[in-house]
């Protein structure tokens, strides 16, 4: 591999494993839930459509993640949690990673446009560009609002899933977009609180480093309040029924309880890292279960 110094003490990692790692499959698994669940909330998609959207969505998100690693290769090398990625570890060259990411996004665009519909492909591609250029290239290193505005990239999957079934967008799809948008800050700031040393070493202005820990925790509370209101809004205009409402109330209560526990522990000068880890991990489950509740609620009331 041109221009890449391999460490002779490290066993080579199979290329296929590195290519999969570039896509960040654990992160994409949640994105697929927030893509497929809205498809069933919107209607009754065929298994072929679900499969095509899942493949296209995975490749688009995976391509964005690969390009993200290309752009962040300098800071990945100084952060403990990213040091073993293919580029900083020397297993792949930057140009290889960039080419792979662009190829994934290009193929995903063609697949979705040709076999699903142009709107679905356009929305997926918009999410790719937003993540790569708005979040990674611009906001990530320039503003503590990086994850707030840049988090919109992760809110495109519900729009993609909805458009794949209906060929259009409506207020229900918009609510799903906003739910993911306002879910992102409390979810990611919980991790940022725990990884301040890494982000400080990489000179990334995450909220805890700029605003301080306490202010970040207060912001997590306020974003969670808005998130809760948004999750209940679809019930008010009849998009979802009782099953979804009860699920949302329970899931929201647990999330708010966890966020408040982080804040109260900090205010009492008690250890808050445990509660912060809980919020980060639970918020992943929270979003998946909330979207599954949408799909199940629509299925039993349709």
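Taken together, the values in this text are just the output of simple stated rules run on the coordinates, not laboratory data. Computed from a predicted structure; not experimentally measured.
List of remarks:
- Pairwise Cα inverse-distance average, inverted: Kirkwood Rh of the range 156-220 (Å): 13.6 Å
- Gaussian network model of the chain, Cα within-10 Å springs - most flexible of 45, 185, 208: 45
- Percentage relative contact order, the range 148-254, counting C-alpha pairs under 8 Å, at least six apart: 24 percent
- Over every Cα atom in the chain, the radius of gyration and the widest Cα-Cα span, Dmax, amount to 19.8, 62 Å.
- Sequence-distant contacts, meaning Cα pairs under 8 Å at least 6 residues apart, place the relative contact order of the chain at 20 percent.
- Projected over every direction and averaged, the convex hull enclosing the alpha-carbon atoms of the range 72-185 yields 7.9 nm².
- More than 20 angstrom apart: percent of Cα pairs within the range 175-302: 45 percent
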